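Encoded as structure tokens, the structure appears first; notes follow it.
The values are calculated or read from the model by the stated rules, or taken from the named source; none is laboratory data. All values reported here derive from a predicted model rather than from experimental measurement. Cβ: placed from backbone, ideal geometry, glycine included. Neighbour counts: every protein chain shown. When the accessible area is computed, the model is the full protein with side chains, heavy atoms only, and any ligands, DNA or RNA have been set aside. Shrake-Rupley method; radii C 1.70, N 1.55, O 1.52, S 1.80 Å.
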Amino acid sequence: MGFPEDHLIPLVDEGLGNSAYLLDLGDGRALAVDASRDLRALHAAAERRGLTVTYAADTHLHADFLSGAVQLGHDHGATILASAAGNRSFDHQGLVDGDDVDLGGLTLRALATPGHTDEHLSFLLLDGRTELGVFTGGSLIVNSAARTDLLGADRTEELARAQYRSLRRLTALPDETAVWPTHGAGSFCSAPPGSERTSTVGAEKRANPLLAAPDEDAFVSQLIASLGTYPAYFDRLGEANRRGPGIVTSTPLLNELYAEQVRTLVADGGHVVDIRPAADYAAGHIPGSLSIPLRGQFATWLGWLLPDTAPLVFVTADGQDLGEIVWQAYKIGYERLAGRLAGGTSAWTAAGHRLATTAFVTADRTDNRPYVDVRQESEFAAGHVPGAVHIELGGLTRLAADAPGGAVVACGHGERAMTAASLLERAGHTDVAVLDGGPADYAAAHDEQLVQGTEDTRS
């Protein structure tokens, strides 16, 4: 490399499965690529190195998070670099294919790579004429490519064909060129999800199954066949990023709310989100509340299962990071955070209100209940309990009537299953149980073998 390798700092969002990048330009300035609105890690990395972010580049109009580029413009005075074809409504340097940006010793070259979105750019980093690496965003990703169905089913094939041409263009770069994608393991923008986060052009030419497709038609068929479902909020954020997210001038705080205030908010259309661990929710929760345990995937399920237009009240456990709630919500555009229940469930019962419980059972205590698997289709196909009813968690609100009564709900460990149980209870199901474990635990306890494929699913 023409610059020290430690000058490129990946900033991984494990929950969304994405990587942003901070490039130390060596003179106190930095380039940020595909930064999200949650800039805590980026600001910390910049502060450790004494860096000012002078450029903030976005490869595309992101669907899975709000961009942090506008905020970096506000906080650091950064010049925003993005595709001119994106028609963004805020000040930025619009780039077209072949445009170069002088970073002061290094050059950033825009490469038009449509497919994931129409206006997608990749950014090739050059030291003189030497290709150091390419920020591929949602184009070429490790062992895969990003999905092409986010602009509607009627454009999926067209964009898949564009993606084919974009990947061929990128793989014409020298084999040693580093590949720095935005989407990676755990991202719903990946099709299908991979495991590693960075690569090289040569490694992708050897190992990426999509690049092994013999022709464009085969590539398109393979890519489209791998597309699973994605969170509902993806349909909103592209336009929000085109307009530009609002500036956050101070860390948002969660107000303390009394039990009666919570009841009033719910009566007016608000939602109670219980972020405690699944076992705590099972032991006692506000009736009608939605269980979404606070972890890396919190934002995904919040944005998939609840609207961004209604006020949200949170039930928390002692010691949980309230800032994590706020930033996970804000990075996907959820800002109507009414507050949290002061004193938690103890305050709720002290105010004279009842709690509901949900059975949280080990595999040997399922009592021959019907088994409902709420994992993603790819997980289900990789191995599931014989006779399981498959309803993805993201579709459960719409398909709650399809779930058998008295079921044990399961996922991989129990968190998503507890979310599913809370949805079923809100829909009027009673006697719902949640499996504390996954399909392998159930199969071992019942002397069964897991089944592959999707032949015996009802969804």
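Between residue 157 and residue 242, the simple label model (points 7 Å from Cα in the Cβ direction) yields a spacing of 2.5 nm.
Rolling a 1.4 angstrom probe over the protein heavy atoms with all chains in place gives the chain an accessible area of 40 Å² per residue.
Highest mean packing first, where packing is the average number of other Cβ atoms within 10 Å per residue, the peptides 63-70, 239-246, 130-137, 316-323 line up as 63-70, 130-137, 239-246, 316-323. Only helices enter the 222 nm calculation for the chain: every DSSP H run of n ≥ 4 contributes -39,500 (n - 2.57), and dividing by all residues gives -7500 deg cm²/dmol, rounded to 500.
When the trypsin sites (Lys or Arg not before Pro) in the range 324-427 are filtered for DSSP coil states and for at most 12 other beta-carbon atoms within 10 Å of their beta-carbon, the remaining sites are 354.
The calculated pair-distance distribution of the range 291-371 uses every alpha carbon pair, bins of 5 angstrom beginning at 0, and gives 3, 12, 20, 18, 16, 15, 11, 6, 1 percent. The fraction of accessible area contributed by carbon and sulfur in the range 153-228 is 52 percent, rounded to a whole number (1.4 Å probe; ligands and nucleic acids excluded).
Computed over the alpha-carbon pairs of the chain, the distance histogram in 20 Å steps reads 24, 51, 24, 1 percent, short to long. Spatially, the range 137-192 and the range 41-66 are offset by 22 Å when compared through their Cα centroids.
With contacts defined as alpha carbon pairs under 8 Å and 6 or more residues apart, what's the relative contact order of the range 241-366 in percent? With pairs under 8 Å counted, the relative contact order is 35 percent. Restricting the calculation to Cα atoms, the range 112-217 shows an Rg/Rh of 0.95 when the hydrodynamic-style radius is the Kirkwood one.
In a fully extended conformation the segment linking residue 398 and residue 169 would gain 78.3 nm over its present Cα-Cα distance, using 0.36 nm per residue. Full extension of the chain between residue 350 and residue 318 gives 9.8 nm of extra length, using 0.36 nm per residue less the Cα-Cα distance. Relative contact order of the chain: 12 percent, from C-alpha pairs under 8 Å at least 6 residues apart in sequence.
Hydrodynamic estimate: the Kirkwood radius of the range 369-414 over Cα pairs, inserted into Stokes-Einstein at 25 °C and 0.890 mPa s, corresponds to D of 230 µm²/s. The amide H of residue 79, built 1.01 Å from its N in the peptide plane, has 55, 56 as neighbours under 5 Å, considering only residues 5 or more places off or on other chains. Sites listed here are GluC sites (Glu not before Pro) in the range 306-395 whose DSSP assignment is loop and whose Cβ has at most 16 other Cβ atoms within 10 Å: 335.
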